[in-house]
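Just below is one structure, and these are the notes that go with it.
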Amino acid sequence: MNPDDPRARRTRERLRAAALELAGERELSAITMSLIARRAAINRATVYAHYPDLDALVADAMDDAIGRLARAAALCPLQAPRDAPPPPLLDLFTEVEAGAVLYRRMLAEGGSARFARRMQHRLAAGLAERFAQGRRPPGAADVPLDLHAGYLAGALCGVITTWISADPPVPAADAALATWRLLRV
């Protein structure tokens, strides 16, 4: 199968849409590849021709969202007042809040390990690229770029996972402000 074939792209898009719809309705542990195939009106064998398992499918389905988070994290300024989170950080939390059900399910203990790893990796890669361009917080010059980026990405992922799992989660603006204060320490 050629992944660039328009039919393959359309099939993958239908599968991603079906996976996201179902993840919005139920826990990931209650979703099967057969259920996704029925929702996407695609043969179950075709699902497996595109994705080896549910984890790979849901991680791929959330890839655009991960990209938006990574861009927002990489755009945060080096300096901002302690009591005003930078707009890109607020955008990041607003994005997660808008998709709270999906993020909660993806990041839960029984969620998608691939999604969580991909999110952390993409956040770290975006931050490392920014740091390599010389846009790095002051006082970190003696820390290797990749370790610094990984540290911040891990912190963001941990905060997002804890925040989105709270019942009910605090508003995005409050979470962004608390996170900014932590990152400035």
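The values are calculated or read from the model by the stated rules, or taken from the named source; none is laboratory data. Since this is a predicted model, take the numbers as computed values, not measurements. Here the Cβ is made from the backbone with ideal geometry for all residues, glycine too, and neighbour counts use every protein chain on show.
Miscellaneous remarks
- Segments classed as helices (runs of 4 or more DSSP H), wholly inside segment 76-174, with at least 2 members that are polar (S, T, N, Q) and in the same structural domain as I66 (by TED's automatic domain parsing): 145-165
- Residue count for segment 1-52, restricted to those that are within 21 Å of Y103 (Cβ to Cβ), part of a loop (DSSP other than H, G, I, E, B) and among the β-branched types (V, I, T): 1
- Close contacts from segment 90-102, counting a first residue that is more than 19 Å from A153 (Cα to Cα) and a second that is at pLDDT 90 or above and among the small types (G, A, S), with Cβ to Cβ under 7 Å and a gap of 6+ residues or different chains, come to G99/A65; V101/G24; L102/A23; L102/G24.
- Residues in segment 162-177 that are within 14 Å of T94 (Cα to Cα) and modelled with pLDDT of 90 or more: W163, I164, V170, P171, A172, A173, D174, A175, A176, L177.
- Restricting segment 90-114 to residues that are surrounded by 18 or more Cβ atoms within 10 Å (Cβ to Cβ) and over 19 Å from A166 (Cα atoms), the residue that is farthest from the chain's Cα centre (by Cα): D91
- Any hit, segment 34-46, residues being in contact (Cβ under 8 Å) with a residue 40 or more places away in the chain and either among the hydroxyl-bearing types (S, T, Y) or touching a helix residue (DSSP H, G or I) at 6+ places or on another chain (Cβ under 6 Å) (or both): no
- Any hit, segment 47-69, residues being touching a residue at least 24 places away in the same chain (Cβ under 8 Å), farther than 20 Å from R118 by Cα and surrounded by fewer than 16 Cβ atoms within 10 Å (Cβ to Cβ): yes
- Listed by first and then second residue, the pairs linking a residue in segment 128-157 that is touching a residue at least 12 places away in the same chain (Cβ under 8 Å) to a residue that is of a type in the set (G, A, S) and assigned to a loop (DSSP other than H, G, I, E, B), with Cβ atoms under 9 Å apart and 6 or more places separating them unless they lie on different chains, are F131/A140; H148/A140.
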